[in-house]
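Since the structure comes first, as structure tokens, the remarks are kept for the end.
Read the figures in this text as sums done on the coordinates, not as results from a lab. On a predicted model such as this, the values are computed, not experimentally measured, just so you know. Counting neighbours? That spans all protein chains shown, and the Cβs are built from the backbone with ideal geometry, glycine included.
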Amino acid sequence: MFNLLRLLLYPFSLVFALIVRLRGIWYASRSWKSPVPTIVVGNLSTGGTGKTPHAAMVAEILLQHGKHPATLSRGYGRKSKGFFEVSTASTSWEVGDEPLMIKNRFPELPVFVCENRVEGIQHLLRIRPMVEYIVLDDAYQHLALKPDLAIVLLTYTSLEKVWLLLPAGDGREPLSALNRSQAVIITKCPSGITDENKERLKRKISKHTDAPVFFSEYKYLGFINSKGETVKPNSGRDKALLLAGIADPQSLIYWLKPQFFQLDSILFSDHYHFSAKELKDVLSKARDAYVIITEKDRVRIHDVWPEFLLNPNVFVIPITPDLGKDSKIFEKFLFDRLNKS
């Protein structure tokens, strides 16, 4: 039935492909280049590729090398419009959950939101003239901007199936759009991916771009309790309940399962704004089980019922991308490319 639905929707995907192509032609000679280097972290599909964690990773690398970066994103899910600077006192309603998550993790990092990236950059540089680099989260399809470095994320599983454009598939652009990229990161790779498998995927990517290909998997940074301490729950024989409103919770579930005798989950759509009643129901259902949430969910929960986060059985799981042995190679590539710009 599902394949039949895809077949019925395929003609509409062809129309969508034509619109994408014409849009690319329109912007080809009209895009604007920022006076400071810009790094776009984006994808070719709808959600769940890890754009925000990878954008945060790039910003962190720049910070670690003594640079002065800033991040700019649309601020998906916010109720406001226009340009805003994110502070640790902001709410997800004002600026979106992902920008606020980045700001909470890196308070020293200037974080901004604006749906129009060109206007956002121009405004950002007027109030923060010392910014040296701007990392843009999810702006690969924002063709009005010509980035100095475009990093495209593709999930491991997306490359294991036929690539179809919306609405028959998940693609926002065809794989041929990789020709605008300067680097590709295959994300959410299984632990212990073999070199042979990496080479196979590199060959598939090389049909569309000669950009270097990197591989990342999520690294979970432990259980953070209500006091901000990293602790190890009495796992192995205890029960846990995962509460998540993220695009793709499967890798987190896979990591959590072996750590608990029983793992249940309550899953909502990405960027879901929980109500206080729903959160109280979660605690009631969990009883004496640990309740696990993500950093992204934490900022939305804090806006609604901060007392939930003070419960001693509630733990936050921060995540970060891990490039493994290619981490230093990626850093060198990043600065080599930016130095050329």
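Observations on the structure shown:
- Cβ-Cβ FRET estimate between Lys277 and Thr157, R0 fixed at 30 Å, reported to 0.05: 0.30
- Around the amide H of Phe260, modelled in the peptide plane, lie the amide H atoms of Gly236, all under 5 Å away and 5 or more residues distant in sequence or on another chain.
- Asp238 versus Asp322: modelled label distance in nm, points set 7 Å from Cα along the beta carbon direction: 2.2
- Put simply, the C-alpha atoms of the chain give a gyration tensor, and the ellipsoid matching it has half-axes of 32, 25, 21 Å, longest first.
- Seen through its C-alpha gyration tensor, with square-root eigenvalues sorted a ≥ b ≥ c, the stretch 87-136 comes out oblate because a/c lies at 1.5 or above while a/b is not bigger than b/c.
- When both bridge partners sit in the stretch 79-188, DSSP labels roughly 35% of those beta bridges antiparallel.
- Each principal axis of the stretch 143-286 carries a Cα extent, and these read 51, 35, 30 Å when sorted largest first.
- Relative exposure of Tyr27, Tyr156, Tyr140, judged by other C-beta atoms within 10 Å (fewest first): Tyr27, Tyr156, Tyr140
- Neighbour counts of other Cβ atoms within 10 Å put Asp281, Asp195, Asp248 in the fewest-to-most order Asp195, Asp281, Asp248.
- Each Cα pair under 8 Å and six or more residues apart adds its separation to the average, and for the stretch 222-317 the resulting relative contact order is 36 percent.
- Summarising the label geometry, the points placed 7 Å from Cα in the beta-carbon direction at Ala144 and Arg21 lie 2.6 nm from one another.
- Loop-resident trypsin sites (Lys or Arg not before Pro) (DSSP state other than H, G, I, E or B) in the stretch 245-317 with no more than 10 further Cβ atoms inside 10 Å of their Cβ: Arg287.
- Largest-first ellipsoid semi-axes for the stretch 68-175, taking √(5λ) over the Cα gyration tensor eigenvalues, angstrom: 27, 16, 14
- In terms of surrounding Cβ atoms within a 10 Å radius of their Cβ, Met57, Met130 rank from fewest to most as Met130, Met57.
- Other-chain or far-sequence residues with amide H under 5 Å of Gly171's (modelled H): Leu164, Leu165, Leu166
- Inter-site label distance for Phe12 and Trp255 at 7 Å from Cα along Cβ, in nm: 3.5
- Counting only the Cα atoms, the stretch 120-168 fills a convex hull of 115 Å³ per residue.
- Crossing angle, helix 117-127 versus the chain [Cα axis fit, 0-90 degrees, rounded to tens]: 80
- Taking every DSSP beta bridge that has both ends in the chain, the antiparallel portion is near 20%.
- Across the chain, the mean sequence separation of Cα contacts (distance under 8 Å, 6 or more residues apart), normalised by length, yields a relative contact order of 19 percent.
- Acute angle (nearest 10 degrees) that the helix 51-64 long axis makes with the longest principal axis of the chain, alpha-carbon atoms: 80
- For the stretch 222-317, alpha-carbon Rg and Dmax in angstrom: 12.2, 33
- The angle separating the long axis of helix 195-206 from the principal Cα axis of greatest extent in the chain is about 40 degrees.
- Interchain or long-range residues, amide H under 5 Å from Phe223's placed H: Val231
- Share, in percent, of DSSP beta bridges within the stretch 222-317 that are antiparallel, nearest 5: 20
- Applying a threshold of 30 Å to the alpha-carbon distances of Lys67/Lys207; Lys103/Lys277; Lys161/Lys285; Lys204/Lys325; Lys227/Lys285 flags Lys67/Lys207; Lys161/Lys285 as lying beyond it.
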